[in-house]
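Q: The structure that follows is given in the form of structure tokens.
The values are calculated or read from the model by the stated rules, or taken from the named source; none is laboratory data. It should be emphasised that the depicted structure is a prediction, and the values quoted were computed from it without experimental measurement. Positions of Cβ are generated from backbone atoms using ideal geometry, with glycine treated the same way; all protein chains shown enter the neighbour counts.
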Ligand code: 6PG
């Protein structure tokens with residue numbers, strides 16, 4: 001006999017619990033389950049009054065509490081725990097039931113699970129959910145991937161609980177199998193780049209302009225009223241303004257400078273390498289976190305390796321505005337690269353991603369929500385097959401206007417010995433991308449010299465090899 005709950009959530013750590021509460025607060029009856037029962041009973045005690053919940057101790061009771069086709073959201077740690085829950089659920093489910101993984105799973109795992117579940121008559125969906133704890137409760141951005149017919153069964157609930165911007169829900173069907181988790185992965189990659197760029201701006205404002213955290217907080221608050229307006233800039237101002245209760249100084253000054261990571265940024269960079277997409281901003285952001293983690297080595301190197309004599313610039317306020325412009329231009333590059341990667345993945349996987357729709361659902365709820373996503377949405381509305389966002393007049397002009405400041409910032413940072421991997425790699429990408437003729441002709445010449453790897457010529461069709469070390473003659477290799 002089928003139960004009365006419209007949807008189930010298993011895994012009641014913060015994200016799962018908040019999603020379940022968000023769904024119930026929208027008037028949808030929810031069954032809840034957790035592997036450790038105490039967490040489920042505490043959940044019911046604390047939040048049971050917020051909606052119609054059925055708390056189940058055993059998975060069998062949880063499944064029995066659900067309407068058919070059953071819709072089950074799994075919110076457990078990515079990796080083996082997801083497979084474990086699926087294995088436990090499979091014998092209890094009926095054909096057509098829908099299992100929804102809402103964690104940060106790798107898209108290849110989602111593809112595999114979709115196929116495994118299909119073989120067993122079940123429908124599997126991988127949905128990206130962004131917005132942290134608060135988003136899950138009050139309105140996240142949701143990136144659902146999977147069979148469109150399965151999505152149709154959960155669309156009403158997911159669009160209702162998602163953030164809304166100008167009346168549009170931040171949730172749309174992304175594509176089949178792993179597409180939803182892929183888009184969430186790139187979202188996180190862009191999140192890494194955004195955060196790294198902010199950290200580099202903070203480093204420059206501290207060590208080259210000579211400001212302290214409360215002053216920099218004010219600068220970020222002001223930047224949040226212009227082109228840079230976004231959630232991450234807004235919370236940067238708050239983090240920098242926070243006073244530490246123990247020391248009475250800025251809290252940020254006593255936080256250890258080692259960045260941790262759970263893997264989604266690294267996966268984005270690895271996939272970019274596999275696809276052959278230049279993803280320099282996000283990849284540098286991942287490397288910057290790994291370099292930050294070498295704290296003991298850095299301490300030894302700080303005492304050993306030479307750098308320029310420390311000093312501050314004199315025209316501090318000019319540099320502050322240059323840094324703002326450099327941050328904006330680098331951010332445009334990071335998004336251009338992330339969107340180019342999604343386009344390449346869409347083609348490689350046959351996903352048919354609507355990139356304008358991705359920009360639309362990232363405008364609210366998620367960690368990278370920002371004003372300028374409206375511009376990205378507009379760009380894809382006009383040019384759905386756009387190769388690179390930098391080629392759209394709005395972004396072409398934005399970067400053109402910022403480029404002098406961007407270059408000055410990189411010069412100053414280099415003179416002062418401040419590492420700016422994301423700022424500078426973004427500018428190098430920009431300069432490389434806008435060159436009709438780069439230096440790879442020499443790379444081809446060298447490859448041909450040492451390995452007879454051949455080259456093509458500008459003036460004649462075909463493939464050629466020069467017998468560099470023998471008689472110096474050129475031979476055609478494709479005829
Ligand atoms: C989100 C966040 C969320 C998580 C990050 C943190 O969109 O809500 O991206 O998924 O906080 O994955 O990632 P790291 O621990 O790797 O920084």
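Q: Looking only at region 373-383, which residues are in a loop (DSSP other than H, G, I, E, B) and within 16 Å of the ligand (Cβ to nearest atom)? Walk me through it before giving the result.
A: Step one: list which residues in region 373-383 are in a loop (DSSP other than H, G, I, E, B), which gives 383.
Scanning region 373-383 gives no hits.
Q: For residue 276, only one of the following conditions fails: (1) crowded, with 20+ Cβ neighbours inside 10 Å; (2) under 27 Å from residue 345 (Cβ atoms); (3) more than 16 Å from the ligand (Cβ to nearest atom). What is its number?
A: Here residue 276 clears every test but (1).
Q: Assess whether residue 79 counts as being within 26 Å of the chain's Cα centre (by Cα), without any contact (Cβ under 8 Å) to a residue 60 or more places away in the chain and surrounded by 22 or more Cβ atoms within 10 Å (Cβ to Cβ).
A: Values: within 26 Å of the chain's Cα centre (by Cα): yes; without any contact (Cβ under 8 Å) to a residue 60 or more places away in the chain: yes; surrounded by 22 or more Cβ atoms within 10 Å (Cβ to Cβ): no.
In short, no.
Q: Given the residues 468, 406, which is the only one that is under 30 Å from residue 286 (Cβ atoms), surrounded by 13 or more Cβ atoms within 10 Å (Cβ to Cβ) and at pLDDT 95 or above?
A: Sole residue among the options that is under 30 Å from residue 286 (Cβ atoms), surrounded by 13 or more Cβ atoms within 10 Å (Cβ to Cβ) and at pLDDT 95 or above: 406.
Q: Can you run down the residue pairs with Cβ atoms below 8 Å, 6 or more apart or on separate chains, where the first is in region 121-135 and not assigned by TED's automatic domain parsing to the domain that holds residue 20 and the partner is part of a helix (DSSP H, G or I) and at pLDDT 95 or above?
A: Short answer, once both residue conditions are applied: none.
Q: Suppose we keep only residues that are away from the ligand (no atom under 16 Å from the Cβ) and part of a helix (DSSP H, G or I) within region 248-273. Which one would you say is nearest to residue 345 (Cα to Cα)?
A: At the first step, the residues of region 248-273 found to be away from the ligand (no atom under 16 Å from the Cβ) are 248-254, 272-273.
With the extra rule that they be part of a helix (DSSP H, G or I), the set shrinks to 251-254, 272-273.
On the way: 251: 41, 252: 38, 253: 40, 254: 41, 272: 9, 273: 12 Å.
Filtering region 248-273 for residues that are away from the ligand (no atom under 16 Å from the Cβ) and part of a helix (DSSP H, G or I), the one nearest to residue 345 (Cα to Cα) comes out as 272.
Q: While we're looking at this one, here's another question. Give 225, 236 a once-over and let me know the one that is closer than 29 Å to residue 358 by Cα and buried (at least 19 other Cβ atoms within 10 Å of the Cβ).
A: Within the list 225, 236, the selection yields 236.
Q: For the condition within 16 Å of the ligand (Cβ to nearest atom), assigned by TED's automatic domain parsing to the domain that holds residue 199 and more than 26 Å from residue 387 (Cα to Cα), what is the one hit in 293, 301, 306?
A: Details: 301 fails: within 16 Å of the ligand (Cβ to nearest atom); 306 fails: within 16 Å of the ligand (Cβ to nearest atom).
After applying the criteria, what remains is 293.
Q: Checking residue 48 against (1) closer than 25 Å to residue 365 by Cα; (2) touching a residue at least 24 places away in the same chain (Cβ under 8 Å), only one condition comes out false. Which one?
A: (2)
Q: Which residues, counting only those in region 409-429, are buried (at least 20 other Cβ atoms within 10 Å of the Cβ) and either farther than 23 Å from residue 210 by Cα or outside the structural domain of residue 227 (by TED's automatic domain parsing) (or both)?
A: Across region 409-429, the qualifying residues are 425, 426, 427, 429.
Q: Among the residues of region 107-136, which ones are surrounded by 20 or more Cβ atoms within 10 Å (Cβ to Cβ) and within 16 Å of the ligand (Cβ to nearest atom)?
A: Within region 107-136, the first condition is being surrounded by 20 or more Cβ atoms within 10 Å (Cβ to Cβ), and the residues that meet it are 107, 110-111, 113-114, 117, 122-131, 135-136.
Within region 107-136, 107, 110, 126, 127, 128, 129, 130, 131, 135, 136 qualify.
Q: Consider residue 190 carefully, then state whether it is over 30 Å from residue 315 (Cα atoms), within 16 Å of the ligand (Cβ to nearest atom) and either not in a helix (DSSP H, G or I) or not assigned by TED's automatic domain parsing to the domain that holds residue 368 (or both). Can you show your working first?
A: Working: over 30 Å from residue 315 (Cα atoms): yes; within 16 Å of the ligand (Cβ to nearest atom): yes; either not in a helix (DSSP H, G or I) or not assigned by TED's automatic domain parsing to the domain that holds residue 368 (or both): no.
In short, no.
Q: Ok, one more. When the residues of region 354-372 are narrowed to those that are away from the ligand (no atom under 13 Å from the Cβ) and within 14 Å of the chain's Cα centre (by Cα), which ends up modelled with the lowest pLDDT? Give the derivation first.
A: First pass over region 354-372, keeping only residues away from the ligand (no atom under 13 Å from the Cβ): 354-360, 363, 370-372.
Applying the additional criterion that residues be within 14 Å of the chain's Cα centre (by Cα) yields 358-359, 363, 370.
Values: 358: 98, 359: 98, 363: 97, 370: 93.
Here the answer is 370.
Q: Also, I was wondering about something else. Test residue 158 against the criterion of being more than 20 Å from the chain's Cα centre (by Cα) and within 14 Å of the ligand (Cβ to nearest atom), and give yes or no.
A: No; evaluated as a whole, the condition is false for this residue.
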